[in-house]
1. Pull up region 72-88, narrow it to residues that are more than 10 Å from the ligand (Cβ to nearest atom) and in a loop (DSSP other than H, G, I, E, B), then point me to the one that is surrounded by the most Cβ atoms within 10 Å (Cβ to Cβ).
2. Within region 89-138, can you find the residues that are closer than 30 Å to Phe60 by Cα, without any contact (Cβ under 8 Å) to a residue 24 or more places away in the chain and more than 12 Å from the ligand (Cβ to nearest atom)?
3. Would you call Asp35 within 13 Å of the ligand (Cβ to nearest atom) and more than 19 Å from Thr122 (Cα to Cα)?
4. Filter region 149-183 for residues that are among the basic types (Lys, Arg) and touching a residue at least 40 places away in the same chain (Cβ under 8 Å) and give the result.
5. Is there a residue in region 60-71 that is out of contact with any Ser or Thr (no Cβ under 6 Å at 6 or more places or on another chain), open to solvent by less than 40 Å² (accessible area, probe 1.4 Å), at pLDDT 95 or above and in a loop (DSSP other than H, G, I, E, B)?
6. Testing Lys141 on (1) without any contact (Cβ under 8 Å) to a residue 60 or more places away in the chain; (2) within 14 Å of the ligand (Cβ to nearest atom); (3) among the basic types (Lys, Arg); (4) not in a loop (DSSP other than H, G, I, E, B), one condition comes back false. Which one is that?
7. Take Val152 and decide whether it is away from the ligand (no atom under 13 Å from the Cβ) and either touching a Cys at 6+ places or on another chain (Cβ under 9 Å) or over 14 Å from Thr69 (Cβ atoms) (or both).
8. Considering only region 25-44, I want to know if a residue exists there that is open to solvent by 80 Å² or more (accessible area, probe 1.4 Å), part of a helix (DSSP H, G or I) and not acidic (Asp, Glu).
Amino acid sequence: MKIIFATNNPNKLKEIRQALGGNFELLSLADIGFDGEIPETGRTLEANAMQKATYIFERFRQPVFADDTGLEVLCLNRAPGVDTAHYSGSRDPERNMEKLLNAMSGCADRSARFRTVIAFVTAERKEMFEGLVEGKIADSKRGDDGFGYDPVFIPENADKTFGEMTIEEKAKTNHRVRALSVFTDFLEKTF
Ligand code: IMP
């Protein structure tokens, strides 16, 4: 079965190619010859993931999935949430983390979680899957491995931030890997 993943992010493609069994052929946006912009105007992770998957399905009429991830901080009413990628008005991780740490200067409770939503669309169905990692936001940045907010996020049952972990360590408690695993279980069982 051929499935389109509405992304061109090589790391994400690699992650899921490793997780998917041989029954599935994964196609990226580049593979299907799509190089346009996919609208992403939803105000929730669910709405955005579904919007992206539906947009591509309507053009290519092949099974497609899309993901969206947000960092949800309890004391900020679950912000930055859907605005995680461009929280500071830019996509610069340093500026995003600086804005987050400043916004949290009065927060006694530093609980936060990463949440990934995957939306899957075929002619017959629309499904949604979720992966979570609970944790907290560090008082300051630590470590410079990884990407995005890794240096300020400490996952549950760990002392290190994601930025201080190796790729293998991070993979064990990773929201995207968890969402992918629920999704790939569903695919293996259903098709
Ligand atoms: P996306 O939906 O996968 O593009 O993720 C949105 C934003 O969330 C990214 O631009 C990053 O800033 C942040 N993000 C997602 N996953 C991670 C992670 O594993 N570590 C740190 N930041 C992440």
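1. So the residue we want is Ser88.
2. If the condition is that a residue be closer than 30 Å to Phe60 by Cα, without any contact (Cβ under 8 Å) to a residue 24 or more places away in the chain and more than 12 Å from the ligand (Cβ to nearest atom), then Glu124, Arg125 are the ones that fit.
3. Against the criterion (within 13 Å of the ligand (Cβ to nearest atom) and more than 19 Å from Thr122 (Cα to Cα)), Asp35 does not qualify.
4. Arg176, Arg178
5. no
6. Condition not satisfied by Lys141: (4).
7. no
8. Checked region 25-44: no residue is open to solvent by 80 Å² or more (accessible area, probe 1.4 Å), part of a helix (DSSP H, G or I) and not acidic (Asp, Glu).
The values are calculated or read from the model by the stated rules, or taken from the named source; none is laboratory data. Model, not experiment: these values are computed from the prediction. Quick reminder, even Gly has a Cβ in these numbers, built from the backbone with ideal geometry, and neighbours come from all protein chains shown. For the accessible areas, the whole protein counts, side chains as well, though only heavy atoms, and no ligand, DNA or RNA atoms are used. Shrake-Rupley method; radii C 1.70, N 1.55, O 1.52, S 1.80 Å.
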